[in-house]
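For reference, the structure discussed in these notes is given below.
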Amino acid sequence: MSMSAPSGGSSLNNDMNVTPMIDVLLVLLIIFMMIIPMSRKAIDTQLPDPTPQPPSTQVNPDQIVLEVLPDDKYAVNKEPIEKAMLLEKLKAIYDPRPEKIIFVKGDTTVKYSAVIWAMDQARGAGVKVIGVPPK
């Protein structure tokens, strides 16, 4: 006596249907592909060349150096400026200039947010290129 499958045309299958799981995985893949580029945030910076050049003794008078000092103090080309007056001073300097380049030096004891705030003020004054001089 042998057992045979019913001939009614409907047979039970013990295999797992993976099609819904593949659909869910593809949807998750598309979602992650869309989210990752949106979550990237960056600041465009130009870092100095890692191979140092010999120091030049000649100082270019056209260069503007903004120094971020401790205790919310700032200096433009060694001239001290109060925090509230920084934007107006930078606008006065950069409005007549065709080249809008500034170098921002941060003291080693100041917070990173103070340097970024100074860079934002420079951008607000119309500066196009912000450089960070090496130590």
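The values are calculated or read from the model by the stated rules, or taken from the named source; none is laboratory data. Since we're looking at a predicted model, the values are computed, not measured. Ideal geometry is used to build each Cβ from the backbone, glycine not excepted, and the neighbour counts take in all protein chains shown. Remember, those area values only see protein heavy atoms, side chains included, never the ligands or the DNA or RNA. Shrake-Rupley method; radii C 1.70, N 1.55, O 1.52, S 1.80 Å.
Quick notes on this structure:
- Lys/Arg +1, Asp/Glu -1 at C-beta; the chain dipole; positive extreme among LEU69, VAL115, PRO52: LEU69
- Residues ASP95, ASP71, sorted by accessible area with the largest first, give ASP71, ASP95 [1.4 Å probe; ligands and nucleic acids excluded].
- Put TYR112, TYR74 in order of accessible area, highest first, and with a 1.4 Å probe you get TYR112, TYR74.
- Relative contact order of the chain, defined on C-alpha pairs under 8 angstrom at six or more residues apart (%): 23 percent
- Cα long-axis angle, helix 19-38 against the chain (0 to 90 degrees, to the nearest 10): 0 degrees
- Using heavy atoms of the protein chains and a probe of 1.4 Å, the accessible area assigned to VAL18 is about 70 Å².
- Between the labelled values [x] 26, 24, 17; [y] 66, 17, 14; [z] 29, 24, 14, the entry that holds semi-axes √(5λ) of the Cα gyration tensor in Å as derived from this structure is [y].
- Between PRO96, PRO37, PRO50, the residue with the greatest mean-square fluctuation in the GNM of the chain (Cα pairs under 10 Å linked by springs) is PRO37.
- Stretching MET16 away from THR108 to a fully extended chain increases their span by 26.8 nm, per 0.36 nm per residue minus the current alpha-carbon distance.
- The C-alpha atoms of the chain define a longest principal axis, and helix 112-124 lies at about 70 degrees to it.
- Surface calculation, 1.4 Å probe, protein heavy atoms: LYS78 sits at approximately 150 Å² accessible.
- Accessible area (Å², 1.4 Å probe, nearest 10) - ARG97: 60 Å²
- List LYS89, LYS111, ordered by accessible area with a 1.4 Å probe, largest first: LYS111, LYS89
- For the residues MET34, MET85, MET119, a GNM of the chain with alpha-carbon springs under 10 Å puts the largest fluctuation on MET34.
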